[in-house]
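Every number in this text was worked out from the coordinates using simple rules, so none of it is lab data. These figures come from a predicted structure and were not determined experimentally. When we count neighbours, we look across all protein chains shown, and the Cβ atoms used for this are built from the backbone with ideal geometry, even at glycine.
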Amino acid sequence: MDDVLVTGLGALSPLGTGVDAFWRGMHAADTAPVRVPDPLARMDHPLMYLVPEADLPDGPEEQDGLPLGRGSQFALAAAREAVADAGLAALPGPDASDAASEATDASGTTRAGLDPRRVAVALSTGMGDTDLHEGWWTGGAPASGRWAPAFPLASVVGGWFGAQGVNTCVSNACAASGYALSMAADLIRSGEADVVIAGGAEAYSRVALACFNRLGAIDPERCRPFAAERRGTLFGEGAAVLVLESAAHARARGARTVYGRLAGAGWSCDAYHPTAPEPSGEQIERAMRVALREAGAGTGSGPGTESGSGGLGFVIPHGTGTALNDVVESQVLDALTPRTPLYSVKALIGHTGGAAGAFAALAATLVLHHKTLPPNVPVGTPDPECAVPLPSGSAPMTGAYGLVNAYAFGGNNISLVFGEAAA
């Protein structure tokens, strides 16, 4: 099967606008949550890692007459950057001008080599544009007089770009963007698409933050995965988007940058409890093993996995800061990938919910591209039950692969393996 390459990256995060700001923030390793600017956030811990006010997208605030919420605006901003980074351009739609239509031949293929019917979108979110609806609940009818769906992210991005292939929005909680990226790879490998705009977006939701406060799952200070004093998670917002492309298509159009490849994926579901992980970790281990085997990557515990040998070089864990999740994942990683260093994205920008897997994938791709593992954000004394290495300093990357984990309520698990771009 054709390799699935990463040819474009886009991000909007608590670290600012763009992928460069995200990479700089990974190295600075210095962030903190803020109080949400919502007077109706009447809860014990109204804290989040928010996109800075100065970096909020200018718009559009509606598409085809329908209002767009914060999630859709974030997704669109990150997608625009990723598409431009990939050297692609939005495609002429059915109502395009004559000049734009002239750029398309009789087969429907643009002069840039893109067939809009073979461009797909797979985006994810946990809460979508719920902020619009929350505003309507407390402030009356929408100003435009138009109702809008809560989960339009994929159709918003697909409509902007002119993608006429599959446009799907995945929303199976905090594993969602991992699943979206895996689905994107499947669309390419099955021959259904040449290019997929994939990733996830999440924005502040009063309801979501209140629910986690009621569950007692919010840390009153910061997101502290694997720390002895952790007391829950803390959420973040933003969007991370990757352009995935078949190797054959990327070569044919002369893609200017290849950041890496999505080399393997593994899904599982432990179906143990609505919110708690299954204590043995059997199913999350299964997902990791399947992804590593599909990628042909070592686990760090056998032959062919030493420094520079092409094995697994790092892990970006799910690690949310909640008590059970961190212990179970640590035990599996300690057994399966011993001594392999971890990089915690959530300690940097919080738990971005339905976008968490996409942010982890973005970070993994940047580490592989720059061949450097940034320092972890200090989280305090490690939990002795979480025997995983979290390096405090920047270091050259060893190995040729990075493992990404994303888990969700309901026992939804996914692992992805990203590899270096072929020489």
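On the beta carbon distance between Asp20 and Leu40, with R0 = 25 Å, the FRET formula returns roughly 0.10. Stretching Ala387 away from Arg189 to a fully extended chain increases their span by 67.6 nm, per 0.36 nm per residue minus the current alpha-carbon distance.
Placing a pseudo-label 7 Å from each Cα along the Cα-to-Cβ vector at Ser280 and Cys211 gives an inter-label distance of 3.0 nm.
For His370 and Arg289, the FRET efficiency from 1/(1 + (r/R0)^6), where r spans their Cβ atoms and R0 equals 41 Å, is about 0.90. The base-10 log of I(q)/I(0) for the stretch 180-225, evaluated at q = 0.14 Å⁻¹, reads -0.60 [Debye formula, identical scatterers on Cα atoms, solvent excluded]. The peptide list 224-237, 385-398, put in order of mean Cβ contacts within 10 Å with the highest first, becomes 224-237, 385-398. Averaging over all projection directions, the Cα-based convex hull of the stretch 4-260 occupies 15.1 nm² in the image plane. Mean residue ellipticity at 222 nm, helices only, the chain: -9000 deg cm²/dmol; runs of at least 4 DSSP H residues each add -39,500 (n - 2.57), and the sum is divided by the number of residues.
Ordering Pro67, Val157, Gly357 by Cα displacement along the dipole of the chain toward the positive end leaves Gly357 in first place; charges were set at the Cβ atoms of Lys, Arg (+1) and Asp, Glu (-1). Once Rg and the Kirkwood radius are both taken over the C-alpha atoms of the stretch 157-298, their ratio Rg/Rh works out to 1.02.
The calculated P(r) of the stretch 355-423, using every Cα pair and 10 Å bins from 0, goes 17, 42, 36, 5, 0 in percent.
Sorted largest first, the spans of the alpha carbon positions of the stretch 285-423 along the three principal axes are 39, 31, 28 Å. Each Lys or Arg adds one and each Asp or Glu takes one away; over the other residues whose Cβ falls under 13 Å from the Cβ of Asp30, this sums to +2. When the chain is described by a simple charge dipole with +1 on each Lys and Arg Cβ and -1 on each Asp and Glu Cβ, the residue from Trp23, Val327, Met43 located farthest towards its positive end is Val327.
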